[in-house]
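Undergrad: This is the structure I want to talk about, given as structure tokens.
The values are calculated or read from the model by the stated rules, or taken from the named source; none is laboratory data. If you're wondering where the values come from, they're calculated on a predicted model, not measured in any experiment. When we count neighbours, we look across all protein chains shown, and the Cβ atoms used for this are built from the backbone with ideal geometry, even at glycine. Just the protein is used for accessible areas: all its heavy atoms, side chains included, with ligands, DNA and RNA removed. Shrake-Rupley method; radii C 1.70, N 1.55, O 1.52, S 1.80 Å.
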Amino acid sequence: MWIFSFFGNYAKSITFDLMAIAEEYIRLIFGLKIKQIRSEKDLSLFGLSKLCGLSKSYLNEIEKGKKYPKTDKIIKLAETLDVPYDSLVSLKLDKNLAPIGEILQSGILDEIPLELFGIQQSDLIDIIANAPSKVNAFISTIIEIAQHYNMSREGFYLASLRSYQEAHNNFFKDLEDKAVKCANSYQLDLNGEISSEELEEILKEEYGYTINTKGIPKEEELDNLRSVFVPTTKTLLLSDRVDEAQKTFIYAKELGYQYLGITDRPYTFSWIRYDNFEEVLHNFYASYFAGALVIPRNHLRDHLKKLFSMKRFSEEAFHKIMNMYNASPESFYQRLTNILPKDFGMQNVFFLRFTHKLGIEKFNLVKELHITHQQQPHANEVNEHYCRRWMAIKTLQRTAKEDLDYAFNIQISDYADTDQQYLVFTSGTKDPFRKDYYRSIGIGFLISPALEKKISFVNDAKIPKVKVGVTCESCSLKDCKDRVAPPKRLFAKEKYKRTAKLVEDIVKQYS
């Protein structure tokens, strides 16, 4: 896995090629060694300063990796600390500092999108310099977690992107504004009536695209491929199985790449791999732009206000709004996660996308987004069984069992172990690219007094209320007919409580 290629076998000492490491990292490694040796000798900075004649502030800058001393000063430090000169200037690190050396050499600090979260790389380097042993423990923990959950490079990138989206409540005004500006520039309708023909004409006339609907070979390995862009000739290869809504989204996304001036991007949809985080971020920008273009914010907001003002939920009214746009159910649900937090103040919102193959008991949560904190329905990486009472699972099961092109349902999910309730909408569809595969897309809202003021039909008695858990292994529901695995995590927790109580009684007996 990529994270192990970064950190490697951290029990071994590592020698770096001087020319291959950035100068700042060389300074940091030297500073780490000085600090480690000083600490081992129980010397304060003040004490070392008195012994070697270098100022305390200068030594502090050396240890933080901000200064690299000249030869005569290194000799003085080596004599004072009673270590060989060659050992001090060598880039070989002992086992206690080796993981930090590897993280510096690996370039992972360049891989992590620190700037998205307002963190400067220099800040992180300062933390490493100030607490190398704690950082060492942290790195080891990350390695262990990555090994346990089989974390991939793409998984790391996508998790970073989700955090970025959540930090902005999944609303990006600059992209909204650029989509409106683009629509006005090309005289596109902002009432949700954009067609693939209009966008195709813009791509061809304005950006020199060639569209080829027969260029993707009929190979099983390419079944899930919707499009391939060839940048040298600006040729867009399009699967002949995409419907009108999918084609419109692909064209809108390509227009987004061009209009936003994005060149560092993935060239396939769905993506095969991401080579760096910039590609992940730019893919998101283009997708967001496409959603804002095809499902205009103001138009959707006005119609949602009318829907939410109804005292009784109307499936017909919900689908009337969805069908106003030349967009797939997934694009529509995704767009709701942009509009509802910003324009309706609905912060506790989650989005889930599941996939399922007919005849297989497993349900895969392949996409999730939680606008604020981690909502109850969330992914697990330990092969536990998602609650079969979730609307997402039930709708998916019905879609697969009855081989439906489309299915919809709504319920209030009442979580047994938290007393939290969510209003959940879910649509299920057949996967047009893979035989016997189905998917469900759902959005849920935490029910609260604030939500009841915004959505009038929250208390509609006709909406079923169902007790649910998260996974069977962690669920406390008794006599659940939908359970597919015993609550082993609860059993373990109860055993621990009993053990703790017995130990407490023993201590009291002999106190």
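Undergrad: Test of the criteria: in the stretch 320-427, which GluC sites (Glu not before Pro) are in a DSSP loop and have at most 16 other Cβ atoms within 10 angstrom of their Cβ?
TA: Filter output for the stretch 320-427: Glu361, Glu381, Glu384, Glu402.
Undergrad: Enumerate the whole-percent occupancy of each 10 Å bin, from 0 to the last occupied one, for all C-alpha pair distances of the stretch 275-362.
TA: The percentages, shortest bin first, are 13, 40, 30, 15, 2.
Undergrad: In addition: How big is the C-alpha Rg of the stretch 371-496 next to the rule-of-thumb value 2.2 N^0.38 Å, as a ratio?
TA: Taking N as the residue count of the stretch 371-496, the ratio is 1.14.
Undergrad: Cross-link candidates for Lys497: which lysines have Cα within less than 25 Å, leaving aside residues fewer than 8 places away along the same chain?
TA: Within reach: Lys478, Lys488, Lys508.
Undergrad: Cut-off under 28 Å on the C-alpha distance; same-chain residues fewer than 8 positions from Lys435 excluded. Which lysines are left, in chain and number order?
TA: Lys214, Lys218, Lys247, Lys253, Lys357, Lys362, Lys367, Lys394, Lys401
Undergrad: Report the full-extension gain for the segment Ile463 to Lys204: residue separation times 0.36 nm, less the Cα-Cα distance, to one decimal in nm.
TA: Answer, rounded to one decimal: 88.5 nm.
Undergrad: Give the cross-link partners of Lys50 among the lysines, using a straight C-alpha distance below 26 Å as the criterion and excluding same-chain residues fewer than 8 apart.
TA: Of all the lysines, those that pass the test against Lys50 - Cα under 26 Å, at least 8 places apart if same chain - are Lys33, Lys35, Lys41, Lys64, Lys66, Lys67, Lys70, Lys73, Lys76.
Undergrad: Now, a different point. Tell me the accessible surface of His319 in square angstrom (1.4 angstrom probe, heavy atoms of protein chains only), to the nearest ten.
TA: Its heavy atoms expose roughly 30 Å² to the probe.
Undergrad: Note down the nm distance, to one decimal, between modelled labels 7 Å out along Cα→Cβ at Glu193 and at Glu79.
TA: Each label point is offset 7 Å from its Cα along the Cβ direction, giving 8.8 nm.
Undergrad: Classify the stretch 302-347: rounded, prolate or oblate, from the alpha-carbon gyration tensor (a ≥ b ≥ c, eigenvalue square roots; a/c under 1.5 rounded; otherwise prolate if a/b is larger than b/c)?
TA: Taking the square roots of the gyration eigenvalues as a ≥ b ≥ c, the stretch 302-347 is oblate.
Undergrad: Under the 0.36 nm per residue contour assumption, what length would be gained going from the current alpha-carbon distance of Leu222 and Glu166 to full extension?
TA: 16.9 nm
Undergrad: Still on this model: Using the Karplus curve 6.51 cos²θ - 1.76 cosθ + 1.60 with θ = phi - 60°, work out ³J(HN,Hα) for each residue of the stretch 228-233 in order, rounded to whole Hz, and write x for Gly and Pro.
TA: The phi angles translate into 9, 9, 9, x, 5, 10 Hz.
Undergrad: From a point 7 Å beyond the Cα of Lys234 in the direction of its Cβ, which residues of the stretch 181-207 have a backbone N at a distance under 14 Å?
TA: 200-207
Undergrad: Now, a different point. Take peptides 485-494, 223-232 and line them up by average Cβ neighbours within 10 Å, highest first, as a rough protection proxy.
TA: Going by the mean number of other Cβ atoms within 10 Å, highest first, we get 223-232, 485-494.
Undergrad: Another question about this same structure. Given the Cα-Cα distance of Asn184 and Thr71 and 0.36 nm per residue of separation, how much length would full extension add, in nm?
TA: Length difference between fully extended and current span is 34.2 nm.
Undergrad: May I pose another question? Calculate the FRET efficiency for Glu61 and Leu358 from the Cβ-Cβ distance with a Förster distance of 60 Å, rounded to the nearest 0.05.
TA: 0.40
Undergrad: Let me check something: with ligands and nucleic acids excluded, how do His168, His282 order by accessible area (1.4 Å probe), largest to smallest?
TA: His168, His282
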